[in-house]
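Everything below concerns the one structure shown next.
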Amino acid sequence: MVDKPSVRLTRGVCKGDIARRARAAGFVSSAGLSDACPVECGLPENLTVIRPFYFGPDGRRLFAVYHPPQATPTMPIGVLLCNPVGFERARMIRSFACLASELAQRGFAVLRFDYFGTGDSAGTPEMVDAEQWVSDVGAAADALRRAAGTLRLSVIGQRFGANLGAVASSRRSDIEGVGMWDPIPRSGDYLTELWDAHRVWLGREHGEGRRPPQRSGEVVGFLVTEGMAQSIERLDLDRLDRSPARQILIYEGYREPRAAPLAEYYRRLGGTVEYRHHPCDPVPYREVGRIQRPAIESLKQWVGGLQV
Amino acid sequence: MNERVVVFGPEGSLVGIITEPDTVRRPSLPALLLLNAGMQPRVGPNRLHVKIARRLAQRGVVSLRFDFSGIGDSLRPRHGRPFCESAVIETREAMDFLAAEVQPTSFVLAGICSGADAAQRAAELEPRVSGTILIDGYTYPTARYYVHRYALGALAWRRWRNLLSRDHHVWRSLFRRKSSDEAEADVGFFELPPREGAEASFRRLLDRGVNLCMIHTVEGGYYYAGQFFDSFPSLRGRERISVHFIPEADHVFTALWSQDRLIDRIDEWFETADWSAAPVRGPTVELPRPAERRAARE
């Protein structure tokens, strides 16, 4: 929920400058921070209900936040949340924090984490490729099992996080359900989208919109190495040889959906697949405060219906 | 370099990461607090806070990046104050916590935009602060500002080339559907003080021996080198002020080269600033409670 704000000016200050800086920093709510949070999201009031921690071996320590269940669960399933990467991560943090808190309030154990080289985890992007991120998903799943003492897990990922979560899940036998929020069926398309986003950013900032496509380099504040690009291309969702899990949700918020064929593919592999399309406006790349409520409600409802 | 998660604050509601040098910590250098930029979580826009913390750890500097209440992993705000006040309270709570953990000689507060505002406000009230890094903090128009922004801008062929580019935001905004969620600006928690007030605030910090590092970009409303001292003429010639202008960088330092430039400037400043003057010790200034503030206005 975002209100239309009013702009309060200080004498002598250029309104345009203030507006640009505020947009640049991701300000979205006229209510201000103290009001936006309780209105929009069931964030916990007591920090004892979330446990931030590092896990993993020295040199590969990953940051995670564990949300222990706050009620008796109807089904003993842990939920692992897989962030998108690069500049898309910041836009999802609040939505994932809300989703995690609200699932925990319903009795589910939830873990969200940062892949190596991202967020507060160790490392830099040059040190890692997408296959290592798939391994990180597996390590996080194990960490969730240890924290929650649960045997069965579900995985929810957004954008390329959905790809990582699905690929990692397809290699395990303890994942009951995989929720894919705006997945990218062909990973090569993801690289194209990254370069398009970078081209748009260059056009806005420097008027240098017409650049040839690249395979590697800088993408809107983050570095994609050649090794990373190659590893991304190997994570096509429609080429997995087994369904990521028995129960699958594909949720698309794109105005032009593209994952319906993916749903059919996983059905042919034996998965029980639910496909939902709820188009919404794209989130500007610098807007970090928006909570994507329709998707959150849909994912909560899906998790609540999982069968072990 | 070691990093560990910390939870602190009187109600244990704030989450942060302490970054410490692997080997030798330099006790002569202050500890660094990195404050949220707008609603960006503690890692900073484009992971800047992480990069700054880890670079400075190589120099022996301990840092804490944390989330203000209601941002990132920290809990919802609990004291009912506007952000500009709660940010100061929580910055001081972070300082209290870090002081107990690592016993620094003093603190440097750093922030971008609203984070810079929080740093400035907290530094005014907190005698333990020996330095501030204000990135796109307080900027004010001057006569030359208008010349650079409008007159010279009209002559810049690049601006016209940008405008003719189909990727220019003007065309994209004309042809895309406006989102009902789209907001313009909210300065509800970053209200620029009057120029005279900002100048007086900087003078008070300098008189205390606080080192000031200002870093500005065009997107932050800073259009030429020298705009700072043209805005605050009484600060010309004062020591302990370091002003940097990175004109091609955007407000959140998206381009990798601009991130490197920013981090280099901060690293150099930490190394070259005079930290020998101990912060002036004095009574800690308390923020007025909401009732007192209302009474003062009436």
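Coordinate-derived values only; no laboratory data. Source: prediction; values computed, not measured. Glycine gets a Cβ as well: all are built from the backbone with ideal geometry, and neighbour counts include every protein chain shown.
Take the Cα of A:Thr74, step 7 Å toward its Cβ, do the same at A:His277, and the gap between the two points is 2.8 nm.
Each residue of region B:33-46 was assigned a 3J(HN,Hα) from its phi angle through the Karplus curve 6.51 cos²θ - 1.76 cosθ + 1.60 (θ = phi - 60°); the sequence is 10, 9, 9, 3, 9, x, 9, 5, x, 4, 5, x, x, 6 Hz, with glycine and proline shown as x. Near the amide H of A:Val110, within less than 5 Å, lie the amide hydrogens of A:His67, A:Val79, all on another chain or at least 5 residues away, with H placed in the peptide plane.
So which trypsin sites (Lys or Arg not before Pro) in region A:118-172 pass both tests, a DSSP loop state and at most 16 other Cβ atoms within 10 Å of the Cβ?
Here the trypsin sites (Lys or Arg not before Pro) that fit, given the DSSP loop and packing criteria, are A:Arg171, A:Arg172.
Listing B:Met95, A:Met75 from the residue with the fewest other Cβ atoms within 10 Å to the one with the most, what is the order?
A:Met75, B:Met95
Counting Cβ atoms of other protein chains within 10 Å of each residue's Cβ and taking the mean over peptide B:248-258 gives 5.
Loop-located chymotrypsin sites (Phe, Trp or Tyr not before Pro) across region B:27-126 with a Cβ neighbour count of 11 or fewer within 10 Å are lacking, with loop assigned by DSSP.
Note on A:Gln230/B:Ala100: beta-carbon distance plugged into 1/(1 + (r/R0)^6) with R0 of 56 Å gives a FRET efficiency of 0.70.
Restriction of the trypsin sites (Lys or Arg not before Pro) in region A:218-252 to DSSP coil positions whose beta-carbon has at most 14 other beta-carbons within 10 angstrom yields A:Arg234, A:Arg242. Going 7 Å from the Cα of A:Arg258 in the Cα-to-Cβ direction, what parts of region A:275-301 have a backbone nitrogen less than 19 Å from that spot? Inside the label zone: A:275-285. When you restrict to C-alpha pairs under 8 Å that are six or more residues apart and normalise by the size of region A:108-163, the relative contact order lands at 25 percent.
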